[in-house]
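Every read-out reported here was derived from the displayed coordinates using simple, explicitly stated rules and does not represent laboratory data. None of these values were measured; they are calculated from a predicted model. Neighbour counts run over all protein chains shown; Cβ positions are idealised from the backbone, glycine included.
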Amino acid sequence: MMNVQELGTVKRKQLPLKIVLLDNQRLGMVRQWQQLFFQERYSETTLTDNPDFLTLASAFGIPGQHITRKDQV
């Protein structure tokens, strides 16, 4: 979620990328800093209300697919 604007760059530049998104519903790096330097006082690092990422990709004109099994890769 921190770099969603980069999808716009991918589309504008027509970059031939495959993007893999693993939705763990966390801002992992921010949470790690809170663990290391703020005595595990976590604030706004759990994201249980994430958007539909396929719809988000589509909004940028980027095709996507939802993969749930190894044989779909």
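Taking the Cα centre of the chain as origin and charging only Cβ (+1 Lys, Arg; -1 Asp, Glu), how large is the dipole, in debye to the nearest 20?
Computed charge dipole of the chain: roughly 300 debye.
Starting from the Cα of residue 55, step 7 Å along the direction of its Cβ; do the same at residue 4; then give the gap between the two resulting points in nm.
Using points 7 Å along Cα→Cβ, the separation is 1.1 nm.
Check which residues have an amide H placed less than 5 Å from residue 26's amide H, if you skip close sequence neighbours.
So residue 26 has HN proximity to 47.
Quick one: compute the contact order of the chain, relative version, from alpha carbon pairs under 8 angstrom and 6+ residues apart, as a percent. Don't skip to the answer; put the middle values down first.
Details: 35 pairs, mean separation 20.9, N = 73.
In percent, rounded to a whole number, it is 29.
Does anyone have the angle between helix 28-37 and the longest principal axis of the chain? Alpha-carbon axes, 0 to 90°, nearest 10?
20 degrees
Using each residue's phi in region 22-27, evaluate 6.51 cos²θ - 1.76 cosθ + 1.60 at θ = phi - 60° and report the 3J(HN,Hα) Karplus result to the nearest Hz, with x for Gly and Pro.
Values, residue by residue: 9, 7, 9, 6, 9, 9 Hz.
Specify which labelled value, from (1) 14.4; (2) 13.7; (3) 12.8, agrees with Kirkwood radius over Cα pairs in Å derived from the coordinates of the model shown.
From the options (1) 14.4; (2) 13.7; (3) 12.8, the structure gives (1).
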